[in-house]
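Visitor: What follows is a single structure, and I will ask about it in a moment.
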Amino acid sequence: MKQDKNTQEFYERLKQQLSDDTVWPAPYLFKFIVPAELEKIAEIEAIFDGTEAVIHTRDSSKGNYTSVSIKVNMASPDAVIEKYLEVSNVEGVISL
C-alpha cells in the first residue's frame, strides 16, 4: 500500500511512542468507527481472526455508524501498525 508522507510520519511516531511506553508483547486496544454495515464490520473482524481478540461493537445513536473496539495481545509495535494498515483498507473506516 502506498502511503503519503504524513501517513508514514504518523506511523513512525506511533511506533516510537509504542516502543518507549510499552514492554512487548502487550495487550493493545484498537478502536475504529465504521459505517453500520455488517460487511464492513465482518471485514474488520476477519483481520483479527485467530488472534483471540475480544471484540465489542456499539451502534451510534442514529444507527449510521458502529464503534468497534478490539482488545488483543500484540507482539510488537510493528504488529500493531501492521493491523492498522490492514484495517485502513476497509472502505469508510476511521481509526481512533
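The values are calculated or read from the model by the stated rules, or taken from the named source; none is laboratory data. These numbers come from a predicted model, not from an experiment. Methodologically, a virtual Cβ is constructed for each residue, glycine included, from the backbone with ideal geometry; neighbour enumeration extends over all protein chains shown.
Visitor: I need the full set of residues from the range 56-88 which are more than 21 Å from Ser19 (Cα to Cα) and more than 11 Å from the chain's Cα centre (by Cα), in order please.
Guide: His56, Thr57, Arg58, Asp59, Ser60, Ser61, Lys62, Gly63, Asn64, Tyr65, Thr66, Ser67
Visitor: Another question, then. Restricting the search to the range 56-87, which residues are small (Gly, Ala, Ser) and touching a residue at least 24 places away in the same chain (Cβ under 8 Å)?
Guide: Listed by number, the residues that qualify are Ser60, Gly63, Ser67, Ser69, Ala75, Ser76.
Visitor: Which strands (runs of 3 or more DSSP E) sit wholly inside the range 1-77 and have at least 2 residues that are at pLDDT below 95 and among the acidic types (Asp, Glu)?
Guide: Answer list for the range 1-77: none.
Visitor: I want to confirm something. Restricting to the range 1-49 and keeping residues that are of a type in the set (Lys, Arg) and farther than 19 Å from Tyr65 by Cα, which single residue is nearest to the chain's Cα centre (by Cα)?
Guide: Among residues in the range 1-49 that are of a type in the set (Lys, Arg) and farther than 19 Å from Tyr65 by Cα, the one nearest to the chain's Cα centre (by Cα) is Lys15.
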